[in-house]
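Data block below; observations after.
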Amino acid sequence: MLTDDLPVTQKELRGWYLYNLACEVYYVAAITVFIPIILENLASDAGFELDHVTPCNKSQINYKCDVKFGPIFVDTASYSLFIISISVFLQAIIYIAFGSLADHGNNQKKFLLTFSYIGALATTAFITILSPELYWFAGLLTIISINLNVFNSPLFRSNVSFGTAFVFYLAYIPTFTRVHPRVIDAKNAGKSSDEINKVEEEIANEISSKSLIIGCFAGVLILILCAGVVRLMHEAPYSYRVSTAICGVWWLLNLTFPLLWLKDRKSPPLPSGENFVFYSWKRVAKTIASTRQLWQTMKFLMAWFLLSDGFNTIVSVAILFGQKQLGLSLMELLITAIIIPICVFCGAYVILKIQQYFDLRTKTMILITASLHALIPIYGLIGFVAPFGLKNTWEVWMFAVYFGFLLGAIQSYCRVLFGSIMPRGHENELFSLYEITDKGSSWLGPLVTGLIGNATHDLRYTYWFLLVMMTVPIAIIYTVDVQKGKDDAESFVEKEYEILRQKKPSVAKDIIV
């Protein structure tokens, strides 16, 4: 029996939960709050008025300035959005290159922790930025930190390291669900497939929501600590770089728990004759070519591509919108950032209890929470014709409560549903595609909103784009047949095993279907 099939223990689950405790602060505090502000402030301090000659005057509310971005000038608010776009584009490449490799041997834990340590160090390095002229270095650190955490945060994954680590983190959900003692007991008791599916769905939602709640708790704790730092430093711009470094140190130190408690779960070895460099690319291409066999899974991915854009991009837009167009102080933005994860914490718990009370399926919960999310850009668009619609400070607090209450629940439900309709043995590979679609939209969203903001110098116009990206996927998800998706995934694995058995019997005998 492979290590992958051994029952999950409470100690291993704690190690997995504490991984999110370590890295969730990056999303909740660093990339959501501090880094967009750091990038915009540094770009503005190094930027110019629209004549590209006069130094930028930040004393005016809703100031309009440009900064050099390679050979061209871009709006200082759009600078951070473009940096995020670059990072998530690179993430897609890393996902493909490493995702399938993690489904073999004991690579999953190694990849998870390696990328996380690099991301934590890059985040800590923000403390070294002492001059506005180093705004390009801040952008580079943002790209590195985001891309290496691909495998971890359920809330916002936009940097290369942060995003990469998240893929491997999410891939544990279907594995832990499959080998959870309650699921094993249900199978041994001879329960029907529908009863087993309900137990698996309940377990997956519980562990997904619990990890989210633990991560949000850590995020709020660090935000409060950083708020004290910002206050003691009289809201100086450098205080945000110090706060970002604190997030990096927290991330770095708390990786000790998953390092010690997560098992080196071993999957089948890399097939003989396969190249380590090209294998993952070949396998992903093969899976995509099998779209007709996994149509329900791929259809959900298409919806996720659009849906995730809305609640990923809207965070960055809201922070920049509040700072530039509503004139919120840095401390007010920090308070907003604290409100969101507190409400994520509450929302994840309350919405899970609502689901359990009414015995609603995961797909139903996704449709409900997605529909409620779509009201956010509609409210922002009302501001074009009404005296309200994100035009007042109190509306920012209202937005933070509403958005935060829904955010954690919908992301938790989406990853649980996706994990339930993927073929066994393809968890890391398919969660790589899941994160590519997430990052694809996170790349597309900041890019399009950045272009809209750059052209209009009014971020309110971006809500038209966000409205489309948050409503179209609702119709797609409605058509997803979850049970057929599970049946297709099982059939896919059986066909794959039969082909392998005929070609390479010595390898096939080590695989349990």
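The values are calculated or read from the model by the stated rules, or taken from the named source; none is laboratory data. These numbers come from a predicted model, not from an experiment. Neighbour counts run over all protein chains shown; Cβ positions are idealised from the backbone, glycine included. All accessible areas refer to the heavy atoms of the entire protein, side chains included, with ligands and DNA or RNA removed. Shrake-Rupley method; radii C 1.70, N 1.55, O 1.52, S 1.80 Å.
Numbers at a glance
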item: Lys, Arg +1 and Asp, Glu -1 on Cβ, resulting dipole of region 163-315 about Cα centre, debye, nearest 20; result: 400
item: Only Lys, Arg (+1) and Asp, Glu (-1) charged, at Cβ; region 287-420 dipole about Cα centre in debye; result: 380
item: Rounded, prolate or oblate (a/c below 1.5 giving rounded, otherwise prolate when a/b exceeds b/c) for region 295-402 by Cα gyration tensor; result: prolate
item: Share of carbon and sulfur in the accessible heavy-atom surface of region 103-143 [1.4 Å probe, %]; result: 77
